[in-house]
1. Need one value for D:140-146: mean number of C-beta atoms belonging to other chains within 10 Å of its residues' C-beta atoms.
2. Evaluate 2.2 N^0.38 Å with N set to the residue count of segment C:83-134, then give the Cα radius of gyration divided by it.
3. Quick one: which residues, 5+ away or cross-chain, put their amide H under 5 Å from the amide H of B:Leu111? H built at 1.01 Å from N.
4. How many nanometers, to one decimal and shortest first, lie between the label point of A:Ala162 and those of its other copies, if labels sit 7 Å from Cα toward Cβ?
5. Do any residues of segment A:188-203 show a loss of at least 10 square angstrom of accessible area between the isolated chain and the full protein assembly, using a 1.4 Å probe, and if so which?
6. May I ask you to report, in nm to one decimal and beginning with the shortest, the distances from A:His128 to the same position in the other copies, taking label points 7 Å along Cα-to-Cβ?
7. Counting only protein heavy atoms and a 1.4 Å probe, tell me what percentage of segment A:84-201's accessible area is made up of carbon and sulfur.
8. Filter the cross-link list C:Lys62/D:Lys72; C:Lys72/D:Lys62; A:Lys62/B:Lys72; A:Lys72/C:Lys62; A:Lys72/B:Lys62; A:Lys62/B:Lys62 down to pairs whose alpha-carbon distance in this structure exceeds 25 Å.
There are 4 protein chains.
Amino acid sequence: MVRSVDSPLQTAKAWSRSRRRKQPPDGDTRTRILDAAEELFAGGGYEATPTARIAELAGVPKGLVFHYFPRKIDVLISLVDERTVVVEEEVEADPGDAAGALSRLARRLPLRASPAMRRILFREADTHLSVRERLSRLNAEIIRRARFALELALPGGRGDAARLEAAAATFAAVLLYQESICLLTGHHIDPDAVAELIANALH
Amino acid sequence: MVRSVDSPLQTAKAWSRSRRRKQPPDGDTRTRILDAAEELFAGGGYEATPTARIAELAGVPKGLVFHYFPRKIDVLISLVDERTVVVEEEVEADPGDAAGALSRLARRLPLRASPAMRRILFREADTHLSVRERLSRLNAEIIRRARFALELALPGGRGDAARLEAAAATFAAVLLYQESICLLTGHHIDPDAVAELIANALH
Amino acid sequence: MVRSVDSPLQTAKAWSRSRRRKQPPDGDTRTRILDAAEELFAGGGYEATPTARIAELAGVPKGLVFHYFPRKIDVLISLVDERTVVVEEEVEADPGDAAGALSRLARRLPLRASPAMRRILFREADTHLSVRERLSRLNAEIIRRARFALELALPGGRGDAARLEAAAATFAAVLLYQESICLLTGHHIDPDAVAELIANALH
Amino acid sequence: MVRSVDSPLQTAKAWSRSRRRKQPPDGDTRTRILDAAEELFAGGGYEATPTARIAELAGVPKGLVFHYFPRKIDVLISLVDERTVVVEEEVEADPGDAAGALSRLARRLPLRASPAMRRILFREADTHLSVRERLSRLNAEIIRRARFALELALPGGRGDAARLEAAAATFAAVLLYQESICLLTGHHIDPDAVAELIANALH
DNA sequence: TATGAATGAGCTTTCATTCAT
DNA sequence: AATGAATGAAAGCTCATTCAT
């Protein structure tokens, strides 16, 4: 069964609840290590997190972490690899309602990842290539979908391609960073309002 | 279109040239240490940069770094404190031209900081409170100015306050993170296009 | 007069010989570290002894010291905690012979500790609270025993309580510091002579 | 004018009051450095006191300390040399009253030194030879005087020489360390009571 | 005499990683 | 798979001492 991500605004608590239901009671050792790393990387950052604390939080001996993940960076790589899935599937169009389509995109990012993993994805993007690539694909996918939604709603002008591209990229940027912005500056942005805004802008 | 020297997109080299001309000669050892730290923090991140490498790049003995900055974090704090100035001054209004005003805001962020310092500001926001606060103030100032520019151009509707706020916040988010997005994902966003987009959206 | 093996004046070499025979084999790495620390702390003092030299003398890598003792001070604390036992048990009285009882107390301090540990106990008393507390308890115990020995030998006067207390405290002070005095000033004090002296004084 | 030390129990506050009266308002630079060192060495110990903190407390630049005292150890040496004077002068005898003579000795140690300096003398005895020597001389002088006081009061037996020596040494040990004992263990010893005790013991 | 920047050796401590069991 | 002791390189930081001014 697929982990659904109903909204980028889903809380961390709700996420872990939904995950825990589908897994063995405490999860196997490898999973517990990744769980611990996810929490710690999201909280204090990859560099500032010693492997010893990962092991401690996971409740496993220190040496075991290196049994599953030969180098520390492999924990991060595995985390991103296994716990951030960029969903690249086709979506049905809705010719009449660009704002609605964007709004849906905002509420359901093409990304299966916990809030913690989203944070890691943004924060550790320059720690390792694999993280950056994942983020890049996510960004591209959001842009692709936003462009698709907007194209249908537009009469199809000529020089409008550039504006459309800018609109899609803007929408992606806001979606990706609204969470970080809110965490860092306390300033909340309503994705639906942005969706409507962008859709309006192209009329 | 040509990027002016004042643009946030000016190169690192151009920045340091312009700064050196006007900074007081406050003993260049401390300055060299900060220069080195600025470069290294921007490149590899605060946590991943040993003080020894800062000293090495600055061409000073290791101990001297701690003469000026008792703790490593003080280097970061001083850097942000002294090299990122959020400009909070009044700007002239231009009632007729919201897009132009936003465009000008994009080209001339209310922030005096080198590209490297901007990178540090965004990247190390959760490393220390002082960085987060500076970023927060910058974000608030951009929103304030964007709101101001848009207000004048609007007929002055009733329930439009929320839309206006969302537009301003969106604009700020994109401006702040366009540079990071570009670096991380390679996807470039044209600030002028975003300015026009946002302005259009509110008509 | 021959110093018995139980005497506080037994040599360091004799002590370690006797200990090694009966100590449980509790992983000898930790023990070797403590042995080395005991020797070095006694010789040059806690502050003047680098952990690196402890490791070196113990024949273990530097990092291992911190595996067992997270902070340097923990080595001292553990040393005092595990290697200085203040014996607080009841002793049989000897009503007729106060001098003899004191003499026995002098020869057999209510303290199980090597000469080196005794030195550390006295020298590092203001380095850490735990050391001071141990020394305090030792002092109190000697006083308690001395008072007990003297009480029996006294006819049981009225205002003699104060004199008795002073005598006991004096005896304790001399016993505790005779070793230090001898080391520092070269002046030797015979505990037996002091015992006889104090006993006589109360008649 | 000579600094009088009326009693080993004179408080630190009283001492500094009496000294300040006879000196120029803040004392010259060298004096201020020694004052600061005296306070810090007494408080935290020689090894644990950085020269920088001495300078700071003295209110002089760091470099100046090394102008007056080329090596850190010279501060300690000068302190002991100049601020602990062992008084080796003849005293009038009082044939009838051994207890009184000892009591007077206790109240007026043959040592001109502040309480802080006394603490330094005992604590840093194995830090440097010159300190140890000073302590040794002080001990010897106390013993000499105690012996002198006791000799007169005794009938003058033959084998009593050893007992007399032990008594004198005991008295010295208690006097020297009563202050330390009190500080470390909180156990107070009344010098007068000890004086009477020792005097009684030899009858 | 006064000053504080400069120097570098050495300190405590951290940590990724290895390894024997 | 599991365990935690072992390892040593390197980190942040301290500090006595020097030196140019």
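The values are calculated or read from the model by the stated rules, or taken from the named source; none is laboratory data. Treat the numbers as computed from the prediction; the structure is a model and nothing was measured. Here the Cβ positions follow ideal geometry from the backbone for every residue, glycine too, while neighbour counts run over all protein chains shown. Protein only, heavy atoms only, side chains kept; ligands, DNA and RNA dropped before computing areas. Shrake-Rupley method; radii C 1.70, N 1.55, O 1.52, S 1.80 Å.
1. On the way: counts 3, 0, 0, 2, 0, 0, 0.
So the per-residue partner count for this stretch is 1.
2. Numbers: Rg = 13.8 Å, N = 52, 2.2 N^0.38 = 9.9 Å.
Dividing the Cα radius of gyration by 2.2 N^0.38 Å gives 1.39.
3. B:Val87
4. Label-point separations across copies, in nm and ascending: 3.5, 10.4, 11.3.
5. A:Ile189, A:Ala193, A:Val194, A:Glu196, A:Leu197, A:Ile198, A:Asn200, A:Ala201
6. Its label point is 2.8, 3.9, 5.6 nm from the equivalent points in the other copies.
7. Details: 2330 of 4610 Å².
After summing per-atom areas, the C and S share lands at 51 percent.
8. Working: C:Lys62/D:Lys72 28 Å; C:Lys72/D:Lys62 28 Å; A:Lys62/B:Lys72 28 Å; A:Lys72/C:Lys62 23 Å; A:Lys72/B:Lys62 28 Å; A:Lys62/B:Lys62 33 Å.
With Cα atoms farther than 25 Å apart: C:Lys62/D:Lys72; C:Lys72/D:Lys62; A:Lys62/B:Lys72; A:Lys72/B:Lys62; A:Lys62/B:Lys62.
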